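Engineer: Could you have a look at this structure, given as structure tokens, before my questions?
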Amino acid sequence: MIRIQLNIELNYMVDTQGADFVFNIHAARTPSQAVSAERCVISQAVDTSVHTDPASGNRYMRLRAFGGPLQLSYSATVDITHHRADPSTIAEVPVHRLPPQTMGYIYPSRYCQSDRLLRLAANQFGYLAPGYARVMAIRDYVARHVAFTSNTSNANTSALDTIVEQVGVCRDFAHLMIALCRACNVPARFATGTDYGADPALGPPDFHAYVEAYIGDRWYIFDPSGTAMPMAFVRFGTGRDAADVAFATIFGSVQTQAPVINAWAVQDALLGIEMPHYSHQALSTDDGAVRLH
């Protein structure tokens, strides 16, 4: 088991007319991710509501802020239990055998235009035997062809833009890998967490986007940008692409500051809690079938 202590601070200056916010920064509660010691403090005296989506397990907090400064502080202790498997034993699932819950992740979406990448996917990966190794080949292709460069994309950048520009941030790497997986008939979804283990040279700790692909009998974790440590990913949300799981969606005029994020691991051998590390095993924290309502 991996234990991550998480602290997130978000700061905004809201226009005098106020603004509406939808946050997706609460750690998801799943059969493999237990959340305790959770606390959310908001600087303004406003009402909040947290809704758990029954299909995805994502937790969304809504609030209406007054004009002026707004600070949100979230902290939690998150225990993650991974399913670990030998990659050579994991096969792709034929479309006719895919569980209904996965089908929404095999179609094109706003940022992952898989229908526009069918020929590229066939040329690059069509000759490979289906399975975990082929999905890893897609992950490696994206890592080779896209350079991680800050401030090179925006909220409108899609997988097609990234394959042309060949630069981007973690969100862009994830969108391109998802689109190529779907073009190979592999369900793939966008996941959000934090970049525990990232090189400090890339900047201060931040939110992170990665990929979960449905192969074998569950969703397995892939990090196409290669900038963080998958074993330490605390899941906030999963969706078709970034449009579904933005950490903050804002309706109104607001000035934003960079998030302040701290995530650190706790080790306790007596409790079976180990430090995160890089692993050659396939890692999963979701079987794609069971959801907490």
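The values are calculated or read from the model by the stated rules, or taken from the named source; none is laboratory data. Keep in mind it's a predicted model, so treat the numbers as computed, not measured. So basically every Cβ, Gly included, is an ideal-geometry build from the backbone, and we count neighbours across all protein chains shown.
For (1) over 30 Å from Ala129 (Cβ atoms); (2) in contact with a helix residue (DSSP H, G or I) (Cβ under 6 Å, 6 or more places away or on another chain), each residue gets a yes or a no:
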site: Asp53; (1), (2): yes, no
site: Gly57; (1), (2): yes, no
site: Asp86; (1), (2): no, no
site: Thr89; (1), (2): no, no
site: Glu92; (1), (2): no, no
site: Arg97; (1), (2): no, no
site: Thr102; (1), (2): no, no
site: Tyr111; (1), (2): no, yes
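Engineer: Given Val41, Val35, Val50, which one is surrounded by 15 or more Cβ atoms within 10 Å (Cβ to Cβ) and closer than 23 Å to Gln71 by Cβ?
Structural biologist: One residue alone meets the criteria, Val35.
Engineer: Under 8 Å by Cβ, and 6 or more places apart or on different chains, what pairs join a residue from the stretch 40-58 that is farther than 20 Å from Gly193 by Cα with one that is hydrophobic (A, V, I, L, M, F, W, C) and part of a loop (DSSP other than H, G, I, E, B)?
Structural biologist: Final answer for the pair search is Gln44/Phe66; Val46/Phe66.
Engineer: Can I ask one more? Here are Arg182, Arg144: which of them is of a type outside the set (A, V, I, L, M), crowded, with 19+ Cβ neighbours inside 10 Å and at pLDDT 95 or above?
Structural biologist: Arg182
Engineer: Select from the stretch 85-130 the residues that are surrounded by 15 or more Cβ atoms within 10 Å (Cβ to Cβ) and either free of Cβ contacts under 8 Å to residues at least 12 places away in the same chain or among the acidic types (Asp, Glu) (or both) and list them in ascending order.
Structural biologist: Glu92
Engineer: Now for a different question. For the stretch 60-82, give me the residue count where each residue is more than 15 Å from Ile273 (Cα to Cα) and buried (at least 17 other Cβ atoms within 10 Å of the Cβ).
Structural biologist: 8
Engineer: Oh, and also: Go through (1) modelled with pLDDT under 95; (2) over 19 Å from the mean Cα position of the chain (by Cα); (3) of a type in the set (Gly, Ala, Ser) for Ser43 and report which single condition fails.
Structural biologist: Against the list (1) modelled with pLDDT under 95; (2) over 19 Å from the mean Cα position of the chain (by Cα); (3) of a type in the set (Gly, Ala, Ser), Ser43 comes up short only on (1).
Engineer: Does the stretch 187-242 hold any residues that are among the small types (Gly, Ala, Ser) and free of Cβ contacts under 8 Å to residues at least 60 places away in the same chain, and which are they?
Structural biologist: Matches in the stretch 187-242: Ala191, Gly193, Ala198, Ala201, Gly203, Ala209, Ala228.
Engineer: Do the conditions hold for Ala159, that is, is it under 13 Å from Phe222 (Cβ atoms) and in contact with a Phe, Trp or Tyr (Cβ under 8 Å, 6 or more places away or on another chain)?
Structural biologist: No.
Engineer: Collect the residues in the stretch 147-165 that are in contact with a strand residue (DSSP E or B) (Cβ under 9 Å, 6 or more places away or on another chain) and either exposed (fewer than 13 other Cβ atoms within 10 Å of the Cβ) or part of a helix (DSSP H, G or I) (or both), keeping them in residue-number order.
Structural biologist: Ala147, Asp161, Thr162
Engineer: Considering only residues that are assigned to a strand (DSSP E or B) and acidic (Asp, Glu), look in the stretch 222-275 and name the one that is modelled with the lowest pLDDT.
Structural biologist: Across the stretch 222-275, the extreme among qualifying residues is Asp268.
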